[in-house]
Amino acid sequence: MTTWSSYLEKEQDRFLDELVDFLRIPSISALPHHTADVERAAQWVAERLGQAGAQHVQVFPTGGHPVVYGDWLHAGPDAPTALIYGHFDVQPVDPLELWSAPPFEPTVRDGRIYARGASDDKGNMFAPILALEALLATTGRLPINVKFLFEGQEEIGSPQLPDFVAQHRELLAADVAFSADGGQFSETEPLLLLGLRGLCGLEITVTGPSRDLHSGIYGGTVRNPIHALAQLIASFHTPEGRVAVEGFYDSVVELTPEEREALAQVPFDEKAFYREIGVAEPFGEPGYTVLERRWIRPTLDANGIWGGFTQDGIKTVLPSQAHAKITCRLVPDQDPETILERLSEHIQRHLPAGVRVRVDALGGRARPYRIPLDHPGNRAAGAVLAELYGREPYPVRSGGTIPVTGILLDQVGLYTVSFGFALPDENIHSPDEFFRLASFRRGQEAYARLFQALPHFL
């Protein structure tokens with residue numbers, strides 16, 4: 001009799017071929033000319049879910065990029081229900097010249113598959129679909145009820161997802177959610193993710209004269225918008241690196257000494273961390289370790305600044321406008337809307353004379369998220385990971401943002417357990433993104449084990 005594990009082993013070549021087909025779809029949610037490709041990826045996911053044995057598969061419009069839903073609900077009303085989440089959209093690929101091969105022509109070498117979306121999140125989100133197929137193909141059933149929620153807009157902050165979830169609370173009701181958009185500590189060490197930072201952002205436009213001016217004729221007589229914007233950006237922080245916006249830290253929940261001590265037990269090589277990113281020395285908010293600054297402290301960063309003449313050569317212009325994009329990573333219990341208000345107030349108070357400013361909030365806001373270590377979903381995931389890796393997972397937090405975690409908690413009262421198998425060095429959001437084939441296989445087995453373990457914890 002074929003077991004689910006031997007089925008997975010036997011079908012790996014087919015699964016890899018399918019992953020290659022999936023990765024060929026340039027489903028870049030941030031670029032309007034790829035809208036049809038995101039839709040094509042949704043259709044691919046829906047068809048593959050159905051082939052695996054999921055039922056009630058549907059592609060839902062959202063007013064933005066689509067959502068795919070499917071389920072298998074034959075374990076009975078007394079069995080637990082798990083909602084499995086992932087996303088099929090990907091980041092833009094620039095700078096294209098830094099890729100070793102075209103980003104949507106997947107290549108396999110040295111036990112890795114290289115392509116945009118390989119690790120984040122197509123390789124990871126495909127794994128639970130394959131676990132479903134293996135269990136149904138070999139046993140005919142699951143010990144739990146399973147629902148799948150895959151979206152095509154995570155990389156732009158899931159702007160339509162809150163409304164979609166609010167409108168489909170009953171459809172998405174479950175006992176626990178698991179996110180395939182996640183990772184592990186290393187190839188040999190697992191983790192349990194206990195918190196993610198939230199996100200909000202805005203764009204600043206500073207306007208001075210009504211048109212670009214000749215800097216020789218007008219320079220020194222009017223305020224330069226680029227200079228004014230630089231002053232504004234400099235006012236956001238103290239010289240030591242603490243955010244200087246009034247009220248920014250008012251709602252921040254400080255970690256207890258016990259929580260800080262637990263974080264301090266997580267292995268971290270500070271010198272190697274800075275060496276890998278090419279930075280000579282640490283910088284950041286005083287009073288906190290590098291890991292704490294990355295995981296449990298809020299940030300404010302300028303992500304882009306432009307204005308005036310930026311092409312090759314020289315053009316002696318005094319520009320009419322200057323622009324910047326600013327984002328904040330938020331921690332419990334900071335509210336994105338409140339932080340945007342505080343930022344806007346700060347900008348108005350610190351705006352230099354002689355210029356005007358417009359502040360536009362950016363889309364894709366997300367609330368910070370945290371889950372108790374002893375949540376039943378974490379205990380189930382921890383047990384499976386301990387079996388797979390032969391050691392207990394580290395309890396960690398992440399500086400990143402996955403909007404669905406806060407959305408499901410706010411709208412459905414559902415905690416989301418991170419259960420993905422990406423690794424930190426896989427160049428997500430960067431050129432030459434890749435996913436280890438060993439992690440692809442491990443994720444399939446992990447989800448099959450998880451489906452079987454959950455009745456013992458829920």
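The values are calculated or read from the model by the stated rules, or taken from the named source; none is laboratory data. Only a predicted model underlies this, so the values are computations on that prediction, with no experimental measurement involved. Neighbour counts are summed over all protein chains in view; Cβ atoms, including those assigned to glycine, are modelled from backbone coordinates with ideal geometry.
Residue 144 passes all but one of (1) closer than 26 Å to residue 193 by Cα; (2) within 23 Å of the chain's Cα centre (by Cα); (3) buried (at least 18 other Cβ atoms within 10 Å of the Cβ); (4) not acidic (Asp, Glu); which number fails? Here residue 144 meets the rest and fails (2).
Within the stretch 110-135, residues that are closer than 12 Å to residue 427 by Cα and among the polar types (S, T, N, Q) have Cβ atoms under 8 Å from residues that are in a loop (DSSP other than H, G, I, E, B) and modelled with pLDDT of 95 or more in these pairs: 119/423; 119/426; 119/427; 119/428; 119/433, counting only partners at least 6 apart in sequence or on another chain. Look at (1) among the β-branched types (Val, Ile, Thr); (2) under 24 Å from residue 7 (Cα atoms); (3) outside any helix (DSSP H, G or I) and you find that residue 205 fails only one, number (2).
Would you point out which residue out of 203, 170 is surrounded by fewer than 23 Cβ atoms within 10 Å (Cβ to Cβ), acidic (Asp, Glu), under 29 Å from residue 410 (Cβ atoms) and in the same structural domain as residue 308 (by TED's automatic domain parsing)? Unique residue meeting the criteria: 203.
Restricting 37, 89, 71, 78 to those that are without any contact (Cβ under 8 Å) to a residue 40 or more places away in the chain and either buried (at least 17 other Cβ atoms within 10 Å of the Cβ) or farther than 30 Å from residue 414 by Cβ (or both) reduces the list to 37. Can you name every residue in the stretch 121-146 that is closer than 13 Å to residue 4 by Cα and basic (Lys, Arg)? Result: 141, single match.
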